[in-house]
Structures are given as C-alpha cells and as structure tokens.
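First the structure, in the form of structure tokens, and then the observations on it.
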Amino acid sequence: MTIMVLIIAFLGLAYFRVDLRIWSAALLVAAVVVGFALNLPTGGMMTLVVVAAIIVAILNLPFLRQQILTRPLFDLFRRMLPTLSDTEREALEAGTVGWDGELFSGDPDWQKLFAQPEPALSEAEQAFLDGPAEELCRMLDDWQIVEIEKDLPPEVWQYLKEQRFFGMIIPPEYGGLGFSALAHSAVIMKIASRSITAAVTAMVPNSLGPAELLLHYGTDEQKDHYLPRLARGEEVPCFALTGPEAGSDAAAMPDRGVVCKGTFKGEEIVGIRLNWDKRYITLGPVATLLGLAFKLDDPDHLLGKRENLGITLALIPTDTPGITIGSRHNPLDMPFMNGPNQGKDVFIPLDWVIGGAERAGQGWRMLMESLGVGRSISLPALSTGAGKMACRATGAYARIRRQFRLPIGQMEGVEEALARIAGLSYQLEAVRSLTCAAVDRGEKPAVLSAVVKYNATERMRQILNDAMDVQGGSGICLGPRNLLGRPYQAIPIGITVEGANILTRTLIVFGQGAIRSHPYVLKEMQAVANPDRAAGLRAFDDHFFAHVGFSISTGVRAFVSGLTGGRLLKVPEGPEQRILQRLTRFSSTFVVTADTAMLVLGGQLKRKEKLSGRMADILSNLYLASAVVKQFEDRGRPEGERPLLEWACAESFRVIEGSFAEFFRNFPNRPVAWFLRLATFPLGIRPTAPNDKLGHQVASLLMEPSPLRDRLTAGIYLPGDLHEPLARIDDALIKVIAAETAEKKLREAQRQGRLSGTTENELVEAGLAAGTITAEEAEAIRLASAARSEVIRVDDFPPDYRDKGCADE
C-alpha cells in the first residue's frame, strides 16, 4: 500500500510539472517512508537516505551532474548526431515558432490563443476589396480568358498595374498599398472565386519574389529604385528558383555564378558571370525583372577568403544580354504566364545581388524565411476562395436540382458530400485567418506555413472533388455556365508548387517541426554542435535534463488523460470545453509519441517518411482544430455555427486517432509500439467520423439562404447580373424555395387522385383550375421551373467548335 501511495504521489508530481527542488525533497521523504514501511534497521535506513541524498546532489549540483551524467551523454550525442549542412541548418533555424510551439508543449495555453485579437481589415483595406477588387472581378470572364484568349485581357493587365494589385505588400512610402497579410489574403481569395488565372497573376508578385526579398534584405538603393516601379507595375517580377535538376530539392541547384572581372557598360568591374536553366517560373514570359537563385563561387578570392559562397539571390533585368526568356508552359490549360528561362554567360554587377555583395551566400536563409510568409498567405487564400465558391454554388445546386422528384441534396449520399464541403470550407477560413494574423504580428511561420499550405490545397481538392460528384454532368461539361471545371483542372497546380504536397507532408511538417517547434530538441542540437565544447556542455546539460523532466511529465499526463478521456484537464469553460480537453490530450500524446520515435529511431526517423507523414497529419489537425475553435470564439460563439464547429473538430479527431493507430501499427520496434499505445491509449483507439445527424445539420446550412450561409461563403465575388452562373444559382435557390409549398400541394392532390397531368405545366394548370393553388402560387412555380432550367442547363457548341477555337453559347 505504501509503495502504491508513493507511485501515485510521484505521478501527481509529474502530472503537475513541479520543479526539481520539489522532486528532490519528495525523493528524500520517499526514502524515509520506504525505510519505515520496510521496517529497515538503522543502518539500512541510513544507507537508503544517503543513496537518495547522493542522487539529489548529483541532480541539483550542475558541476556534479555535468561530470557524472551529462558529459558521457554529450559525447554520445556528438558522435551520433549527423553533421548538418549549411542549408539544412539554415532551414531549421529560419522563421519563428508560434502556436506550433504550444502544440509541442503537451499543454497548449488556450487563453493565450483566445487573447489574440480577432483578425480584422482596416477601413482602407475593406474599401479596396469593395472597390478595385470588386471591379476587377466584374471585368473577368474566365471562359474568355482560358478558352479563347489564353491570357488576361490587356485592360485587365492594365487595371492590375494601375490599381497597385502587384504592390499590395509594398509600403505606401514606396507607392504600394502596404496591406496586411489578412488583406492580401482576402484580395486573392476574392479573385480566386472568380478566376484562378487572375488570382495567380495577382498573388505571385506579392508572394516569394523580388518585392518580398527587397523589403527584408535589399539595400536602400535597391529599394528606392525597384519598389516604386514594382508597385506601379512598371516592372513585372518573377522569381527563378526551380530547374530541371532541382525541384523540391532546391539546394541541389546546378545553376552557377562565378565572381570575376568583366566589362559592363564599357567599364571593367568585379561582377558575376552566370549560367542557369530554370523552368516553371510564373510570370516569367512577361517579366521585366528576374529574381534569380544560384550558387556563387569566388575562385580568385575577389570577395574574401571563402571560395564556395553558397546560394545567392540577384535581381536582373530580363533584357540583359545572354538571357533567354518568353516561351510558355501550359500548366493544365490554365493560361497564367508561366515558362522557362535560361542564362548563358550573363555578366552582372555585384550590386545586383539582393542586399549587395555582403549578402552573397545568404540566399538560402533569405528564401526559407520568405517562403514561409508566402506559403502562409497565397495558396491558402486561393484554396479558400475556390472552396467557398463551390460551397455556395454546389449547396444551392443540390436544392435546385431534382431527381426522383426530390432535391438531390435530400439524398443521404449527396448530403454526406455536402457536409464535407461545408465543414472543410469552415476549416479553410479558420486556418487562413489565424495564419494571416500570425504573419501580421510579425511571425514568420516556418512549420505552420507548410501545415497550412499542404492542408489548404488538399482540402480544396476534396471540396472540388465532392462538388463535381454532386453536380455530375453540369460539372464536367466545360463552358461559360460551368463554375467548377476550371478550378477542378487547376487543383494539381496548387498541390505541386511551393513544396510538393507529398514531400511537404512526409519531410517538412513533422521532420522540421519535431526539431524546430519542440521546446528542447533544436536547443540540444545547437549545444552539441557548439564549437566551444565547454559552453556546449553547459547548454546541453540545461536543455537535456529539462527535456527529461518534460518528457516524464508529458508521458504521465498522456496516460492519465487516456484513462479519463482528458476530462480532468483544466481548459477554458464554454461550449467548446470538451473539444479543448481532447485537443490538449492529443497534444500530450503527440509529444510523447514524437519524443519516443526520435529516441528509438534517431536519424532513421528522417527516412521513415510514412511514419513522419502520419505524425504530420496529427500536428496538422491539431492546428486546424485550434483554428476552428479560435474562429468560433472570435465570432462570439454563435449558436448557429455549432454544427460547423463540431463537425470540423470531429473530422480532425478522426484523422488524429486514425493516424495514431497507423503509426503504432507500423512502428518498427514492436515492444516500444505496444507499450506506447498502451500508455497513451489505455482504453483503445476508436477513430470515428462526424455522425450522420451532425452531417445532416451541416449539409442543410448550404441549401437555403441565411446569414450563416453568407458568413460561410463571405469574401467571394457575388455577381448581381443574372447572366452570371453564380447569380443565376442564387436567384434560382430563392425561387425554388418559394415554390416548394405550392408544389407540395400539387403532389399531394395528384397522389390522392384529385389532379392529373403529364407535364409540370399541365399539373399547374389543373391545380389552378381546381383551386388547389392560387394564381400567385402558380406563378411562383413557373418562375422556379424557369430558374431551375437555367441552372441545370449545360453548354453545347457547334460541330466545328474545336476547329474554330471559339464558343457560341
């Protein structure tokens, strides 16, 4: 009994994460208690207390601890830890840690999350969305752009430049708009709901490219010269990183620059002679200013002692001799400007290096930090815009379109797809706004940018797949009436760019997150790699033993939470309390699993990409669910949104628990896997999807006009002209609902044999004559029927359409 009491007491100390001094006192007390419990003689009692005192001394006196415990571990880690390349180290150290750090703490501070201000646009930003962004969308005819012109119309290009769409991130003092990340995202989201081609064109100059790099790293002269020209659209930028031999492994690029003397504008100077071959470069075919990444060598030591300086970035006018640029790729028939470029013996001055000669060799860190910001904004915004558009259009279509004499949205199979469309769209908006808010606070999300890019584009894929399934033939027949076809075609583009999703999931999210976001691992690695051995030992001692205490505490919390379902965890009260308890429980389970995997597998974990991918899914869904709860809180806990909150979180819990189950099932060390599963899920793992009742509630939100439907699809372009397909759908939804009561009267009368008619019009006339419906109700049915016919109609073209290359609706 005494031993059991002591075990419970020590578990309690671990659960509440008490400091080392309390642990030490508890150990001494435990030694005395055990001695009395075992009725030890005085000598035995003294021996037990002395042993406990020695342990306490070793643990509490840094000098003793370092000599006896830490030094052997430090030497072992130095031998085991693989040497990091400069690019690997810079990638790990780039950016900042935000909410991902809380998720890696095992005990996220929810009050800290809720205390962050609700993301909001300024008056000027909202005015731009309501004015120029709205007007731009009105100017866009995506069918004409994609099918006929294969480009944006000249007047659209001019409007983009005149209204500073290419200068959203450039501060006003340089002539730009100086928008927040949230506003930048909102603009791209709105355009994407209208035209993927236009959205990509507007987002690239504001993402990873010359403007972003100049703002953070450019010299004053470079900023003063280029930023006003970029803001006004006088320069069209592109950034060339990817090449035939270096895609996701950009650090392996073969493109080279050599520091040498050469002639520039008739004068001999020290410059760089470049040779490169790039492809997939968006805006490249029309760019006037090329941002270029290359590896720089200085064989003659003209810049200093180093020969291999590393990855360097430069800005080069595209009319510079030796550059070949202008040809186009055709990315899945999406006609945004994208193409290859090459340079042969291109000689440039040193002051064309971004940041000047002193920034030579610093390009990889610059790219890693800038890529994190870009990935947080552009593609998530595009994905959210496309998802919301499908949400609004397909939800209404499911109420308008009938089969078997009832709206197809009432069929449970269709309802299941509609629930996913709505629930995932709710997730998208939540994670988009939360991540933009982090960027606006000055964060440079390294890990979370990969999380949001991967999950946003994958959810866009799922939403559009479901929307296509619901709309069937009207989704696959391309034409001016089709809202889904082009976004559906474009799905793999977002999946592929800015870090291919397979590699993002299996290598970056957890592979980088387990080191960068963990409270101790990166610090331990830096300590081991410290060339000052004494300083490294001291730092390693601090971080390693803090890590040990953290792991013990988190393991106990995970076990207790597994027994109780997290119900003992203290979290903010409210309608989402159980959600927060489950998220906190899964956070601690995630950390214990991650620590165990790193301890057991070590460097092999990097090559266990399937395991890493499952851990990435867990981390991703912890973040997605956090974003959903934060959004619900920011909006004042609206009761109407509770089904969306619960569905979105239930879906994340399904993925989290399923990923844990698969991780444990496939972990190569089977005894460790069994122990880990028993310790973290002592009552078993039961991943369950959102239930059917909840799915019905969520799907129903899409099929009738309401403030909640408007909020779910807020921020997309809503045309008012009934020649526009989305306007026709919204109009038909209202008319169809208005006619449903009258139609029900006719069906009931027909079922009872009081009315007969072969066609709908005959039945309406018979009902009107019999007094079953009024003249107003008959007119409502006719209007609904006409509107429905317009919505379900698909485009067809003349027999010689393909020969002519044009359409006649």
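The values are calculated or read from the model by the stated rules, or taken from the named source; none is laboratory data. Note that the structure is a prediction, hence the values are computed from the model and not measured. Here the Cβ positions follow ideal geometry from the backbone for every residue, glycine too, while neighbour counts run over all protein chains shown. Just the protein is used for accessible areas: all its heavy atoms, side chains included, with ligands, DNA and RNA removed. Shrake-Rupley method; radii C 1.70, N 1.55, O 1.52, S 1.80 Å.
Once fully extended, how much extra length lies between GLU162 and GLU234, figured as 0.36 nm per residue of separation less the alpha-carbon to alpha-carbon distance? Write down the numbers at each step before the final one.
Details: separation 72, 0.36 × 72 = 25.92 nm, distance 0.95 nm.
Stretched out fully, the GLU162 to GLU234 stretch lengthens by 25.0 nm.
Over the chain, what is the relative contact order in percent, taking alpha-carbon pairs closer than 8 angstrom and at least six residues apart?
Numbers: 1313 pairs, mean separation 115.6, N = 809.
This gives 14 percent for the chain.
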- [ ] Compute the FRET efficiency between ALA25 and LYS344 as 1/(1 + (r/R0)^6), taking r as their Cβ-Cβ distance and R0 = 60 Å, and round to the nearest 0.05.
- [x] 0.25
Task: For segment 514-522, Karplus couplings with θ = phi - 60° (6.51, -1.76, 1.60), whole Hz, Gly/Pro x - done: 5, 9, 6, 8, 5, x, 10, 4, 5
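Given 0.36 nm per residue, what is the gain on full extension from ILE685 to GLU268 after removing their alpha carbon distance, in nm?
Working: separation 417, 0.36 × 417 = 150.12 nm, distance 7.14 nm.
So the extension gain works out to 143.0 nm.
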- [ ] State, to one decimal in nm, how far the label point of ILE7 lies from the label point of ASP224, with both points 7 Å from Cα in the Cβ direction.
- [x] 7.5
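Between VAL33 and ASP796, what length comes free when the chain is fully extended (0.36 nm per residue of separation minus the Cα-Cα distance, one decimal in nm)?
Values: separation 763, 0.36 × 763 = 274.68 nm, distance 8.80 nm.
Here the answer is 265.9 nm.
Please give the per residue accessible area of segment 724-770, computed with a probe of 1.4 Å over protein heavy atoms only, in Å².
Values: 2490 Å² over 47 residues.
Per residue, segment 724-770 has 53 Å² of solvent-accessible surface.
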Open item on the list: Roughly how far apart, in whole Å, are the Cα centres of segment 95-163 and segment 342-410?
Closed with: 10
Open item on the list: Among 491-500, 446-455, 569-578, how do they line up by average Cβ neighbours within 10 Å per residue, starting with the highest?
Closed with: 446-455, 491-500, 569-578
- [ ] Place a label point 7 angstrom from the Cα of ARG670 along the Cα-to-Cβ direction, then list the residues of segment 597-622 whose backbone nitrogen is under 20 Å away.
- [x] 597, 600-601, 611
- [ ] Tell me which residues come under 5 Å, amide H to amide H, from ASN341 once H is placed; ignore anything under 5 positions away on its chain.
- [x] LYS278, ARG279
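About its Cα centre, what dipole magnitude does segment 312-450 give when the only charges are +1 on Lys and Arg Cβ and -1 on Asp and Glu Cβ, stated in debye to the nearest 20? Don't jump to the answer; show the numbers that get you there.
Numbers: 15 positive and 12 negative charges, 137 e Å.
That gives segment 312-450 a dipole magnitude of about 660 debye.
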- [ ] Enumerate the calculated ³J(HN,Hα) couplings along segment 102-111 in order (Karplus 6.51 cos²θ - 1.76 cosθ + 1.60, θ = phi - 60°), each rounded to whole Hz, writing x wherever the residue is Gly or Pro.
- [x] 5, 5, 7, 7, x, 8, x, 8, 5, 5
- [ ] List every residue whose amide H lies under 5 Å from the amide H of ILE311, counting only residues 5 or more places away in sequence or on a different chain, with H placed 1.01 Å from N in the peptide plane.
- [x] LEU296, GLY363, TRP364
Task: Where labels lie 7 Å past Cα in the beta-carbon direction, separation of LYS606 and GLU135 in nm - done: 5.3
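Could you sort the peptides 699-707, 480-488, 401-409 by per-residue average Cβ neighbour count (10 Å cutoff), highest mean leading? Don't skip to the end; give the middle numbers.
Working: 699-707: 19.1, 480-488: 22.0, 401-409: 14.8.
Most protected by this proxy first, the peptides run 480-488, 699-707, 401-409.
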- [ ] Leaving out ligands and nucleic acids, note down the accessible area per residue over segment 268-350 with a 1.4 angstrom probe, in whole Å².
- [x] 41
Task: Ranked packing of 420-433, 307-320, 662-675, most packed first, by mean Cβ within 10 Å - done: 420-433, 307-320, 662-675
Open item on the list: Counting each pair of different Cα atoms once, what's the Kirkwood radius of the chain in Å, rounded to one decimal?
Closed with: 29.7
- [ ] Quick one: which residues, 5+ away or cross-chain, put their amide H under 5 Å from the amide H of GLY291? H built at 1.01 Å from N.
- [x] CYS238, PHE239, ALA240, ILE316
TODO: Measure off, as a whole percent, the carbon and sulfur share of the 1.4 Å-probe accessible area of the chain, all protein chains present.
DONE: 56
Open item on the list: Can you work out the Karplus-derived ³J(HN,Hα) for every residue in segment 726-739? Use 6.51 cos²θ - 1.76 cosθ + 1.60 with θ = phi - 60°, whole Hz, and x for glycine or proline.
Closed with: 5, 5, 5, 5, 4, 5, 5, 4, 5, 5, 5, 5, 4, 8
Open item on the list: Using Cα-Cα distances under 8 Å and only pairs 6 or more residues apart, what relative contact order does segment 247-393 have, in percent?
Closed with: 25
- [ ] Can you pull the one-decimal nm distance between simple spin-label points at LEU215 and ALA115, each 7 Å off the Cα toward Cβ?
- [x] 2.8
